[in-house]
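Trainee: Structure provided below as C-alpha cells; questions to follow.
Read-outs: derived from the displayed coordinates by stated rules, not from any lab. Here the structure is a predicted model, which is why all the values come from computation and not from measurement. Methodologically, a virtual Cβ is constructed for each residue, glycine included, from the backbone with ideal geometry; neighbour enumeration extends over all protein chains shown.
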Amino acid sequence: MLNFTNRPFTVLDLPQAEYIITDPGYLFDRDMWCKLCDDVFCNDDVDPSTGILEIEGHTIWWGGTHHGDGIYQVINKSVDVGDFCVDAGLFAIIPMSFFKEHCKGKDLFKTEGLAVKVEMMGRVYYEDGDLSCGSVSVQTSFGEEEEEEEEETSFEEDLEEEEEEDNY
C-alpha cells in the first residue's frame with residue numbers, strides 16, 4: 001500500500017508536466033481509497049474541501065466540486081479539452097508520472113469522460129469548487145447567477161400577471 005500524508009491546501013505551484021484531471025476515486029484501489037477517505041473525512045484536523053496529498057515523492061492536489069457529483073469541463077486556453085466524471089464530489093490534479101508508476105493496469109482513457117490529460121504549469125488557485133492553474137481551468141460552480149436571475153424575473157413576471165388578473 002502507498003504511504004501518504006494529507007496536508008491543507010495553501011499554495012501549490014505545479015511544475016511544467018503532463019497531468020490528469022479526474023475524480024481521485026478512479027485512481028486508487030479500494031483499500032487505498034478507503035484509507036484516504038478515512039484520513040480526509042474522518043479527521044477533524046483536515047479541511048475536507050481541499051488538500052494536497054504527498055505520495056512517495058508525488059504531489060496530488062484535490063478539491064471538492066461546488067455541486068457534488070457530475071460531469072465537468074476542462075478548459076485550456078479558452079478551448080474545451082474534455083470532460084471528466086465525478087462520483088465522489090472531488091476532483092484531483094494528478095501527475096502523469098504518478099499514474100504511470102502506481103496505476104498500472106488502470107485505463108482511465110479507455111472510457112470517454114473519466115479523465116482529461118492536460119499539459120500545464122503554474123500556481124493552483126481554488127475557490128468554492130473552481131480551479132485555475134496557468135491557462136487551465138475547471139468551473140464547477142456554474143449556473144447559479146443565471147438561475148437566480150431567472151427566478152427573480154419569473155417571480156416578477158408572476159407578480160405582474162397577478163396584478164393584471166386582479167385589474168380585470
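Trainee: Sum up the charges of everything whose Cβ sits under 14 Å from the Cβ of residue 137, counting Lys and Arg as +1 and Asp and Glu as -1, but leave residue 137 out. Walk me through the intermediate numbers first.
Mentor: Numbers: positive: 77, 123; negative: 80, 83, 127, 128, 130.
Value of the local net charge: -3.
Trainee: Please state, to two decimals, what the Cα-based radius of gyration of region 1-114 comes to when divided by 2.2 N^0.38 Å (N = residues). Provide the component values of the computation, followed by the final result.
Mentor: On the way: Rg = 13.7 Å, N = 114, 2.2 N^0.38 = 13.3 Å.
Normalised Cα radius of gyration, region 1-114: 1.03.
Trainee: Can you tell me the Rg and Dmax of region 84-146, counting just the alpha carbons, in angstroms?
Mentor: Reported Rg and Dmax, both Å: 13.5, 43.
Trainee: Which of the peptides 77-84, 96-103 is most tightly packed, and how do the rest follow, judged by the mean count of other Cβ atoms within 10 Å per residue? Write down the numbers at each step before the final one.
Mentor: Details: 77-84: 13.1, 96-103: 15.5.
The peptides rank, most packed first, as 96-103, 77-84.
Trainee: On a 23 Å Cα-Cα criterion, which of the cross-link pairs 35/106; 77/104; 35/104 come out too long?
Mentor: Numbers: 35/106 19 Å; 77/104 31 Å; 35/104 20 Å.
The answer is 77/104.
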